[in-house]
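Below is one structure; the comments refer to it alone.
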Amino acid sequence: MSTAVLVSCHGTVSRSDDIPAFLNNIRRGRPTPPELVQEVTHRFEVIGGSPLMAITEAQARALEARLGIPVFVAGRLWHPYPSEVLPRIVEKGVRTLVSLPLAPQSVDLYHGSVREAAASHPELSIRAVPAWGMEPALIDAFVETIDEALAAVPEAERRAVPIVLSAHSLPRRVIAMGDRYEAQFREMAGAVAARLEGRGFSTRIAFQSQGASAEPWLGPDLAETFAELARTGATSVLVAPIGFLAEHVETLYDLDIEAPKIAEKAGIGRFLRAKAVCDRPRFVDALEAVARRALEVD
């Protein structure tokens, strides 16, 4: 075995006791206010813990079955870090490693963590995949999840349901510093919207799960978006969290628990939510296509 793939995700904890340390990682060592720790812990416990790492492992095993080579898992902000996984990879004889972030945008954040860990292993060559939000199979997978959610609505009423394509917000200062996250997400969302609008649906883009800081964040947020839709006469909404490739706190709490209340407050009585793509076959098709291109590089 000389070649393998490393899929890396944001990362999350498996125990609520680790949340303070996890938040410190996210905040790059800045002290975390106790009330923020309490709120995040509450959300984590309400949903019964985050399934992110279990889903990431399932995605990796599905990709491994397609490729016929080992696929390893790492987290950017929590264990197993790339620095913990790479020694095991090297011990197994791997000399070429494809770095495949389980986030189609801002991939350099993930590659940076992998390259930093690889600096201690000069025998290991890293192949970093580029941003892959426009991968056709990925767009197909998003549309599949939306169609499945729309199946709960009588067919005659479906095209009256606005579809909100959501992603995690970021501080605007990050975008001002040159991060292409927003532009890349809007391009991907535009491809999904084109497919839906070609069938008569209306779409919006929203940025959810804004952080606790008082600085400006990417918007519009869900509350603004729902209020705007209500002003147009909408009484239903479907949120498709295409910025998330697996279920975790930002979908299971922010969308399944908080967002219906926000919609109701805005005057929208019917709230629908598309599932994250997780390890559905069409999504694994996208992962396979991205990985194979990287593997075929001379």
Residue hits (the range 1-34; of a type in the set (A, V, I, L, M) and assigned to a loop (DSSP other than H, G, I, E, B)) are Met1, Val13
Exercise. What do you reckon, is Ala58 over 18 Å from the mean Cα position of the chain (by Cα), surrounded by fewer than 17 Cβ atoms within 10 Å (Cβ to Cβ) and either in a helix (DSSP H, G or I) or not basic (Lys, Arg) (or both)?
Worked result: no
Going through the range 234-254 in order, the residues found to be of a type outside the set (S, T, N, Q) and in contact with a Pro (Cβ under 6 Å, 6 or more places away or on another chain) are Ala234, Val237, Glu247
Restricted to the range 61-81 and to residues being buried (at least 16 other Cβ atoms within 10 Å of the Cβ), under 18 Å from Ala294 (Cα atoms) and aliphatic (A, V, I, L, M), the residue nearest to the chain's Cα centre (by Cα) is Val73
Taking the range 13-59 and keeping only residues that are in contact with a helix residue (DSSP H, G or I) (Cβ under 9 Å, 6 or more places away or on another chain) and small (Gly, Ala, Ser), one is left with Ser14, Ser16, Gly48, Gly49, Ser50
In the range 87-108, anything under 23 Å from the mean Cα position of the chain (by Cα), in a helix (DSSP H, G or I) and surrounded by 16 or more Cβ atoms within 10 Å (Cβ to Cβ) is listed as Val107
**Q.** Flag if Glu84 is acidic (Asp, Glu), within 20 Å of Tyr110 (Cα to Cα) and under 21 Å from the mean Cα position of the chain (by Cα)
**A.** no
Within the range 272-298, the count of residues that are outside any helix (DSSP H, G or I) and either free of Cβ contacts under 8 Å to residues at least 24 places away in the same chain or out of contact with any Lys or Arg (no Cβ under 9 Å at 6 or more places or on another chain) (or both) comes to 10
Flagged pairs (Cβ under 8 angstrom, 6 or more apart or on separate chains; first in the range 199-210, outside the structural domain of Thr225 (by TED's automatic domain parsing) and touching a residue at least 24 places away in the same chain (Cβ under 8 Å); second among the charged types (D, E, K, R) and part of a loop (DSSP other than H, G, I, E, B)) are none
Exception for Gly233 within (1) of a type outside the set (Ser, Thr, Tyr); (2) under 18 Å from the mean Cα position of the chain (by Cα); (3) surrounded by fewer than 17 Cβ atoms within 10 Å (Cβ to Cβ); (4) more than 29 Å from Gly49 (Cβ to Cβ) falls at (2)
Over the range 248-271, the set of residues in a helix (DSSP H, G or I) and either of a type in the set (Lys, Arg) or outside the structural domain of Val237 (by TED's automatic domain parsing) (or both) is Lys261, Lys265
Okay, strands (runs of 3 or more DSSP E) sitting entirely in the range 119-216 with 3 or more residues that are within 16 Å of the chain's Cα centre (by Cα) and buried (at least 17 other Cβ atoms within 10 Å of the Cβ), I get 163-168, 203-208
By residue number, the members of the range 236-247 that are within 17 Å of the chain's Cα centre (by Cα) and outside any loop (DSSP other than H, G, I, E, B) are Val239, Ala240
The correct count of residues that are of a type in the set (Val, Ile, Thr) and at pLDDT below 95 in the range 1-36 is 2
Listed by first then second residue, the pairs whose first member lies in the range 1-22 and is on the phi > 0 side of the Ramachandran plot, whose partner is among the polar types (S, T, N, Q) and buried (at least 21 other Cβ atoms within 10 Å of the Cβ), with beta carbons under 9 Å and at least 6 positions apart or on separate chains, are Gly11/Thr56
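The values are calculated or read from the model by the stated rules, or taken from the named source; none is laboratory data. Keep in mind that this is a model prediction, so the values were computed, not measured. Backbone-built Cβ (ideal geometry, glycine too); neighbour counts: all protein chains shown.
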